[in-house]
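So the structure is just underneath, and the comments pick up after that.
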Amino acid sequence: MTHGIISDHVLFNMYGGNYTTHTGGPTLTISPNGQTTTGIFLDPNGAMQFNNGVLNGRFFGGDVANQQIVSGASIFAAVPEPGIASLAVLGLAFAFLRKPRHS
């Protein structure tokens, strides 16, 4: 491994919507115009789309909405280091636990 930030060190966490029904979250569209983008993209409550590019990372979400990987898109994910896998699990847990509390 070389020094620097790798795909598993960057987490884009889209939050909002209803965490009980997994609906109403923001729509995430990634269109890097044939270029490469890097990171973990998390959108548990919204629709997701990745097109025309290469993703070095992960693409999680689109639970009850559409998740589309289209138009010349490729996704490559390296096997994470044990500490990085824990970070990803914590990010997912945080997204699902961050629901509003009702009085």
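Of the residues screened, ASN56 is one that is surrounded by 15 or more Cβ atoms within 10 Å (Cβ to Cβ) and assigned to a strand (DSSP E or B). Say whether the condition of being acidic (Asp, Glu) and modelled with pLDDT under 85 is met by at least one residue in region 8-24. Yes, the conditions are met somewhere in region 8-24. Applying the condition of being in a strand (DSSP E or B) and among the β-branched types (Val, Ile, Thr) to region 59-80 and asking which residue is farthest from the chain's Cα centre (by Cα) yields VAL70.
When THR29 is tested against (1) at pLDDT below 90; (2) out of contact with any Pro (no Cβ under 9 Å at 6 or more places or on another chain), exactly one condition is not met: (1). Within region 6-31, can you find the residues that are surrounded by 13 or more Cβ atoms within 10 Å (Cβ to Cβ) and in a strand (DSSP E or B)? Those that are surrounded by 13 or more Cβ atoms within 10 Å (Cβ to Cβ) and in a strand (DSSP E or B): LEU11, PHE12, ASN13, ASN18, THR23, LEU28, ILE30.
Could you look through region 45-74, keep only residues that are touching a Ser or Thr at 6+ places or on another chain (Cβ under 9 Å) and among the β-branched types (Val, Ile, Thr), and pick out the one that is modelled with the lowest pLDDT? Among those that are touching a Ser or Thr at 6+ places or on another chain (Cβ under 9 Å) and among the β-branched types (Val, Ile, Thr), it is VAL64. Check region 37-44 and report whether any residue there is at pLDDT 85 or above, surrounded by 14 or more Cβ atoms within 10 Å (Cβ to Cβ) and of a type in the set (Phe, Trp, Tyr). Yes, there is a match, as at least one residue in region 37-44 is at pLDDT 85 or above, surrounded by 14 or more Cβ atoms within 10 Å (Cβ to Cβ) and of a type in the set (Phe, Trp, Tyr).
Would you pick out the residues in region 32-46 that are part of a loop (DSSP other than H, G, I, E, B) and touching a strand residue (DSSP E or B) at 6+ places or on another chain (Cβ under 7 Å)? Give the derivation first.
Step one: of region 32-46, the residues part of a loop (DSSP other than H, G, I, E, B) are 32-35, 44-46.
Listed by number, the residues that qualify are PRO44, ASN45, GLY46.
Does region 53-66 contain any residue that is without any contact (Cβ under 8 Å) to a residue 60 or more places away in the chain and of a type in the set (Asp, Glu)? Yes, the conditions are met somewhere in region 53-66.
The values are calculated or read from the model by the stated rules, or taken from the named source; none is laboratory data. Everything numeric here is computed off the predicted structure, so don't read it as measured data. Counting neighbours? That spans all protein chains shown, and the Cβs are built from the backbone with ideal geometry, glycine included.
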